[in-house]
Amino acid sequence: MSETSSELNALRRSIDNLDAALIHILAERSKCTRQVGELKARLQLPAADPAREERQIERLRALAQAASLDPDFAQKFLAFIIKEVIRHHGLAREGIGKV
C-alpha cells in the first residue's frame, strides 16, 4: 500500500469516527427535543418558537464562525434539524405518536 493510500485510509477512518459521533450526538439531542415536544403537547404550547429559533441561529452562526466553519452551512444544517423537531412536536401535540 502506498503512502498516499495509507494517508487516505487514515483520513477516511477519522471521517467514519466523526460521522458515528455525529449520529450519537444527534440521538442525544433528539431525546432532549422529544421531552420538549411532550412537555409542549401537555401544556398545549405551539410546536414552533420563532424567537428561540432566531436566537439559536445567531448562536450557531457565531459558533461556526469561531470554529472556521461556514456559517451558512451551519445555519442550513440547523434549519433542517429545527424543521424535523417542529414536525415531531406537531405529531406529539396531535397525539399521533411519540416524537
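The values are calculated or read from the model by the stated rules, or taken from the named source; none is laboratory data. These figures come from a predicted structure and were not determined experimentally. FYI the Cβ positions are ideal-geometry reconstructions off the backbone, even for glycines, and counts take in every protein chain you see. Please note that ligands, DNA and RNA were not included when accessible areas were found on the heavy atoms of the full protein model with its side chains. Shrake-Rupley method; radii C 1.70, N 1.55, O 1.52, S 1.80 Å.
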*Restricting attention to segment 43-66, does a residue exist that is in contact with a His (Cβ under 8 Å, 6 or more places away or on another chain) and within 29 Å of Arg87 (Cα to Cα)?*
yes
*Leu60: at pLDDT 90 or above and surrounded by 11 or more Cβ atoms within 10 Å (Cβ to Cβ), yes or no?*
yes
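Restricting segment 27-54 to residues that are among the hydrophobic types (A, V, I, L, M, F, W, C) and surrounded by 12 or more Cβ atoms within 10 Å (Cβ to Cβ), which is modelled with the lowest pLDDT?
First pass over segment 27-54, keeping only residues among the hydrophobic types (A, V, I, L, M, F, W, C): 27, 32, 36, 39, 41, 43, 45, 47-48, 51.
Retained after the next criterion (residues that are surrounded by 12 or more Cβ atoms within 10 Å (Cβ to Cβ)): 36, 39, 41, 45, 47-48.
Working: Val36: 89, Leu39: 91, Ala41: 84, Leu45: 90, Ala47: 81, Ala48: 84.
Checking each candidate, the answer is Ala47.
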_Which condition from (1) assigned to a helix (DSSP H, G or I); (2) under 16 Å from Arg87 (Cα atoms); (3) open to solvent by 80 Å² or more (accessible area, probe 1.4 Å) is the one that Leu11 breaks?_
(2)
*For segment 14-48, which residues satisfy the criterion of being assigned to a loop (DSSP other than H, G, I, E, B) and of a type in the set (A, V, I, L, M)?*
Leu45, Ala47, Ala48
